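To start, the structure itself, in structure tokens.
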Amino acid sequence: MSRIVFLGTGGARILVFKQLLASGGMWMELGDARLHVDPGPGALVQATKRKLDPTKLDAVILSHCHLDHSNDVNAMLEAMTQGGTRPRGKLFAPADALEGDPVVLRYVRKYVPEIITLEEGGKYEAGGTHFRCPLRMRHGVITHGFVFDAPEGKVGYIPDTEYFPEIAGHFRGVDHLIINVLRLEPSEQLQHMSVPQAQELIAAIKPKAAILTHFGMTVWRAKPWEIAERMSQETGIKVVAARDGMRYELGE
């Protein structure tokens, strides 16, 4: 059965710096593919703590290059390739993670046989699982959302972004929707999703289930599990607040 393991649910700088919540991103096992999406600070530690073997990864995927999503990318690539002694797997990343002020170290790139620059509308494959980047998000750096094809249905991931209504149309049809929700209320100064905006997207996209993650301090203080319960009642859609270490089985 395909599953997603949440290696961290913290998103805001204070939460990450103090590790009030872990920040290791998501480990996805979709069919036969093993993917690590957005390996932030502590990703390698969280993976091994959860008995997940990074040497078995098929790919590491970055939605964008901010440190809370990419800090452990080099550690995970080294682990995937066993320090370069067994080159294997793929890296998928936006252009600015590889150019200018790159977050992926050049010596580590030599260990990975395929490095693919993500583009809006692009379609990709890793470990036999296909995924696409439906549209570019609105964030301070190049940021992509994803739709993954799993045997149990489609999995959508909306990473850090400001809200804009076009998002909904590009994610309709997904069965499981993961949304990064950093803010309790909307803010014009910060390009991050808020709770009311996330609820609006869930209601418009109508997945079978939605998972909230990547919480900021205001959301954490408001108890995200209670927020998810209210969203479920108001939208009629199952909404879950992710927890550090939570294993979400797609077939359930």
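Which one of the conditions (1) in a loop (DSSP other than H, G, I, E, B); (2) surrounded by fewer than 24 Cβ atoms within 10 Å (Cβ to Cβ) does H64 fail to meet, given that it meets all the rest?
Only one criterion in (1) in a loop (DSSP other than H, G, I, E, B); (2) surrounded by fewer than 24 Cβ atoms within 10 Å (Cβ to Cβ) is unmet by H64, namely (2).
Within segment 24-48, work out how many residues are in contact (Cβ under 8 Å) with a residue 24 or more places away in the chain, more than 18 Å from D149 (Cβ to Cβ) and more than 14 Å from the chain's Cα centre (by Cα).
So the count comes out to 4.
How about segment 215-228: which of its residues are out of contact with any His (no Cβ under 9 Å at 6 or more places or on another chain) and under 19 Å from E162 (Cβ atoms)?
F215, M217, T218, V219
What are the residues in segment 92-147 that are of a type in the set (D, E, K, R) and touching a Leu at 6+ places or on another chain (Cβ under 8 Å), if any?
R109, E114, E120
So that you can scan it fast, the table gives a plain yes or no per residue for (1) at pLDDT 95 or above; (2) not in a helix (DSSP H, G or I):
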position: I4; (1), (2): yes, yes
position: F17; (1), (2): no, no
position: L21; (1), (2): yes, yes
position: W27; (1), (2): yes, yes
position: R34; (1), (2): yes, yes
position: P39; (1), (2): yes, yes
position: Q46; (1), (2): yes, no
position: N74; (1), (2): yes, no
position: T85; (1), (2): yes, yes
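Would segment 78-86 turn up any residue that is under 29 Å from Q191 (Cβ atoms) and among the hydrophobic types (A, V, I, L, M, F, W, C)?
No, segment 78-86 has no match at all.
Taking the condition closer than 29 Å to D96 by Cβ, acidic (D, E), surrounded by fewer than 21 Cβ atoms within 10 Å (Cβ to Cβ) and at pLDDT below 95, does E188 pass?
Yes; evaluated as a whole, the condition is true for this residue.
The values are calculated or read from the model by the stated rules, or taken from the named source; none is laboratory data. Model, not experiment: these values are computed from the prediction. Every residue, glycine among them, receives a Cβ derived from its backbone with ideal geometry; neighbour counts consider all protein chains shown.
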